[in-house]
Amino acid sequence: MKKVRKPDVAIVGAGPAGLAAALSAKEAGLRDVMLIERDIELGGILPQCIHDGFGSIIFKETLTGPDYAQRYINRVGKTNIDVKLNTLVLDLKPNKTMTAVNSTDGIFDVEPKSVILAMGSRERTRHQILIPGFRPAGVITAGAAQRYINIEGLMPGKEFVILGSGDIGLIMARRVTLEGGHVTGVFEVAGEPGGLTRNVVQCLHDYDIPLHLSHTVTFIHGRKRVQGVNVARVDENMKPLKETEKFIECDTLMLSVGLIPENELSKKAGIELDPVTGGPIVDERMETSVDGIFACGNVVSIYDLVDYVSRSAEAAGVGAFEYVNGKKRSGRAIKVVPGNNVKFTVPQVVRSLERPVSLYFRVEEPRLKVVASVSVNGEEVARKKERKVRPPEMVKIDLKPERLSAAGEEMKEIQLEVAPSEK
Amino acid sequence: MKNKHQYVCINCPLSCSLELLEEKGEVAEVQGAECKIGKKYAEEEFKNPRRMVTTTVLIEGGELPLLPVRSKSSIPKALVGEAVKALADVVVKAPVKSGDIIYPNIVDTGVDIVASRDLPKASS
Ligand SMILES: Cc1cc2nc3c(=O)[nH]c(=O)nc-3n(C[C@H](O)[C@H](O)[C@H](O)COP(=O)(O)OP(=O)(O)OC[C@H]3O[C@@H](n4cnc5c(N)ncnc54)[C@H](O)[C@@H]3O)c2cc1C
Ligand code: SF4
């Protein structure tokens with residue numbers, strides 16, 4: 001029998017979250033850092049995101065996905081972080097024992113002192129199942145199309161209809177157009193685009209691709225291959241209006257209906273999940289409900305900026321270092337209560353304000369000229385003006401420890417709300 | 001009289017709404033940018049819109065069949081399609097390092113196309 005590896009920390013997934021977590025744990029002082037990735041290379045989803053727009057906050061320049069990943073991969077290469085590629089983590093127990101498999105070691109256990117979950121997200125496909133019609137070839141998720149075109153060099157079709165206006169769908173509308181395909185239109189059931197404004201501008205407007213809001217696909221035609229789809233306008237209750245239904249010829253229906261955190265392992269470890277984000281409930285050092293198991297990146301919540309993913313991972317790396325060095329968490333977990341126009345926050349709970357805490361959140365409704373404000377025990381401790389807030393765009397607000405420690409009180413209640421800025 | 005022009009900054013996902021005030025064809029003021037890039041962007045959208053080019057080229061002998069590439073800086077928006085077409089025929093040989101010039105002076109813009117990542121030789 002081989003000896004069981006007992007690293008200081010084992011990180012599951014080597015996308016931007018896993019890479020930054022590994023580096024941060026290492027730089028904080030952990031000696032034995034193990035980074036486990038099921039794919040053949042590091043970088044997670046970034047190698048297929050060949051467009052630019054990554055890194056504007058951390059690097060103050062706009063990089064492509066592969067560029068952004070490369071910077072972290074180069075740094076990891078200069079350390080003695082134990083990188084295990086082609087290795088899938090199959091199981092994780094609440095006591096942190098994990099089981100993994102690869103072709104050289106077979107099935108093996110790891111008994112790390114701490115764990116950082118960085119498994120990222122997967123694409124929603126639910127809508128596909130709900131659309132009536134046949135199940136022909138030519139129905140594909142936007143992420144799969146991205147992989148085919150950008151990694152494997154295969155065009156999945158010629159005439160596209162895109163359902164959903166999530167970012168990946170918008171990016172792919174431009175991509176297939178540049179590759180010689182044709183996009184008849186993007187159909188979005190909601191009254192607002194699902195993706196970032198910048199992507200609507202540079203991917204649709206620039207290429208004259210129409211965006212049909214409050215529309216959906218009602219039927220898929222074709223038995224072997226998609227031959228077309230029916231689309232219709234929807235009413236306020238998102239019910240298709242029969243009289244508006246029309247046929248569009250296409251050979252490919254691309255679905256871009258959002259991402260969901262990938263949490264099979266978290267469930268196995270008995271980690272408490274947030275029904276709103278779909279990821280683990282974490283505190284300010286990204287520790288989950290299970291002691292010594294941390295989480296960061298899209299596994300926690302779908303962050304739209306990769307920079308925020310990396311920041312969350314840095315916090316998790318430092319958290320793991322503290323945990324392994326005997327600094328167990330203390331203090332009661334105080335839930336950050338989402339007040340007016342706040343859908344959720346990450347972290348969801350805060351234990352102390354000894355260190356600066358960044359709260360990331362999404363709003364429920366789009367609004368212009370607002371103020372986000374955080375109050376502790378009813379007293380405002382942070383305030384941030386925003387010109388524009390939209391549900392697809394995450395907002396960050398920083399809590400500075402000085403603001404509270406002066407009061408010296410025990411933290412009983414935290415609330416975050418978004419209100420119109422008076423004037 | 002000042003004319004207003006509305007733009008959305010596309011340089012990062014914050015998507016700042018920009019308002020450019022123009023007086024007699026000259027930029028008088030830009031409002032709404034969270035950073036300097038936005039101000040410059042609005043001025044460019046007004047005078048001469050530019051875009052980055054990102055695509056892939058074929059690579060021989062690499063770990064993967066395609067190499068992602070990008071323009072070193074933006075090129076005139078109207079030339080993006082032509083640039084991507086020119087790159088469709090390019091085949092490079094592994095290994096490649098991030099930043100290596102793949103295609104100098106794309107469609108005579110003076111801008112080089114560079115590799116977006118390292119791509120080592122396939123370990124056969
Ligand atoms: C298809 C797709 C396309 C995207 N496109 C864009 C885009 O165009 N622009 C943008 O800004 N953002 C995009 N995103 C969002 C992007 O994913 C995030 O910004 C960022 O990559 C999240 O980083 P992460 O490290 O949390 O997750 P990921 O990058 O998804 O990395 C997670 C890693 O964990 C590994 N993993 C998962 N489970 C296991 C396991 N059990 N064992 C071992 N390894 C495991 C995976 O193989 C993967 O490498 C996209 C996301 C997806 C899913
Ligand atoms: S102005 Fe700066 S912060 Fe705002 S979208 Fe542009 S690059 Fe981003």
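Taking B:Lys2 as the anchor, which aspartates and glutamates have their alpha carbon closer than 19 Å to its alpha carbon, excluding any fewer than eight residues away along the same chain? Cross-link targets: B:Glu19, B:Glu22, B:Glu23, B:Glu26, B:Glu29, B:Glu43, B:Glu44, B:Glu45. Largest GNM mean-square fluctuation across A:Ser24, A:Ser214, A:Ser121, computed for chain A with C-alpha springs under 10 Å, falls on A:Ser214. Largest first, the three principal axis extents of the alpha carbons in the range B:3-47 are 32, 14, 13 Å in whole numbers. Between the alpha-carbon centres of the range B:15-55 and the range A:290-310 there is a gap of 33 Å.
Could you sort the residues of the range A:22-54 by number and keep only those whose accessible area is reduced by 30 Å² or more in the all-protein-chain setting relative to the chain alone, 1.4 Å probe? Those are A:Glu41, A:Ile50, A:Asp52, which lose 30 Å² or more relative to the chain on its own.
Note on chain A: helix-only mean residue ellipticity at 222 nm, from DSSP H runs of 4+ residues weighted -39500 (n - 2.57) and normalised by residue number, equals -5500 deg cm²/dmol.
Comparing the full protein assembly with the isolated chain, the residues of the range B:110-124 losing at least 20 square angstrom of accessible surface (1.4 Å probe) are B:Ser116, B:Arg117, B:Asp118. Solvent-accessible surface of chain A, averaged per residue with a 1.4 angstrom probe and all protein chains in place: 43 square angstrom.
How much of the accessible area of the range B:3-47, in percent, comes from carbon and sulfur atoms when a 1.4 Å probe is used? Result for the range B:3-47: 48 percent of the exposed heavy-atom area is carbon or sulfur. Computed over protein heavy atoms with a 1.4 Å probe, the carbon and sulfur contribution to the accessible area of the range B:54-115 reaches 51%.
Cα centroid separation, the range A:6-68 to the range A:337-402: 26 Å. Pairs exceeding a 24 Å alpha-carbon distance, out of A:Lys396/B:Lys97; A:Lys60/B:Lys93; B:Lys47/B:Lys97; A:Lys385/B:Lys24; A:Lys84/A:Lys113; A:Lys96/A:Lys267: A:Lys396/B:Lys97; A:Lys60/B:Lys93; B:Lys47/B:Lys97; A:Lys385/B:Lys24. Which longest run of chain A has no exposed loop site in it, a site being GluC sites (Glu not before Pro) in a DSSP loop with at most 10 other beta carbons within 10 Å, and the site itself not part of the run? No qualifying site falls inside A:1-235, the longest such stretch. Residues of the range A:139-166 that bury at least 50 Å² of accessible area when the other protein chains are present, relative to the chain alone (probe 1.4 Å, heavy atoms, ligands and nucleic acids excluded): A:Ile151. Bridging of B:Lys85 to aspartates and glutamates at a Cα separation below 18 Å is possible for A:Glu179, A:Asp206, B:Asp108, B:Asp112, once same-chain residues fewer than 8 apart are set aside. Element breakdown for chain A at a 1.4 angstrom probe: carbon and sulfur atoms account for 52% of the accessible area.
Rolling a 1.4 Å probe over the heavy atoms of the protein chains gives chain B an accessible area of 52 Å² per residue.
The range B:102-123 and the range A:145-180 have Cα centres separated by 22 Å.
Less than 17 Å apart at the alpha-carbon level, and either on another chain or at least 8 residues along: which aspartates and glutamates does that give for A:Lys246? Cα-Cα hits under 17 Å: A:Glu159, A:Glu188, A:Asp235. In chain B, the DSSP-assigned H stretches of four residues or longer account for a calculated mean residue ellipticity at 222 nm of -5000 deg cm²/dmol, using -39500 (n - 2.57) per stretch and the full residue count as denominator. Annotation for the A:B interface, with buried accessible surface near 2700 Å², both sides summed [1.4 Å probe; non-protein components not counted].
Which one, A:Leu170, A:His182, A:Ala145, projects farthest toward the positive side of the charge dipole computed for the range A:34-187 from Cβ point charges (K/R +1, D/E -1)? My answer, from the dipole projection, is A:Leu170.
The relative contact order of chain A, computed from alpha carbon pairs under 8 Å that lie at least 6 residues apart in sequence, is 15 percent.
Against chain B, whose longest principal axis comes from its Cα atoms, helix B:36-47 is set at around 80 degrees. A Stokes-Einstein calculation at 37 °C with viscosity 0.692 mPa s, built on the Kirkwood radius of the protein assembly as shown over Cα pairs, returns a diffusion coefficient of 132 µm²/s.
The values are calculated or read from the model by the stated rules, or taken from the named source; none is laboratory data. Everything numeric in this text was worked out from a predicted model, so none of it was measured. FYI the Cβ positions are ideal-geometry reconstructions off the backbone, even for glycines, and counts take in every protein chain you see. Ligands, DNA and RNA are stripped out before the accessible areas are found, and what is left, the full protein with its side chains, is counted by its heavy atoms. Shrake-Rupley method; radii C 1.70, N 1.55, O 1.52, S 1.80 Å.
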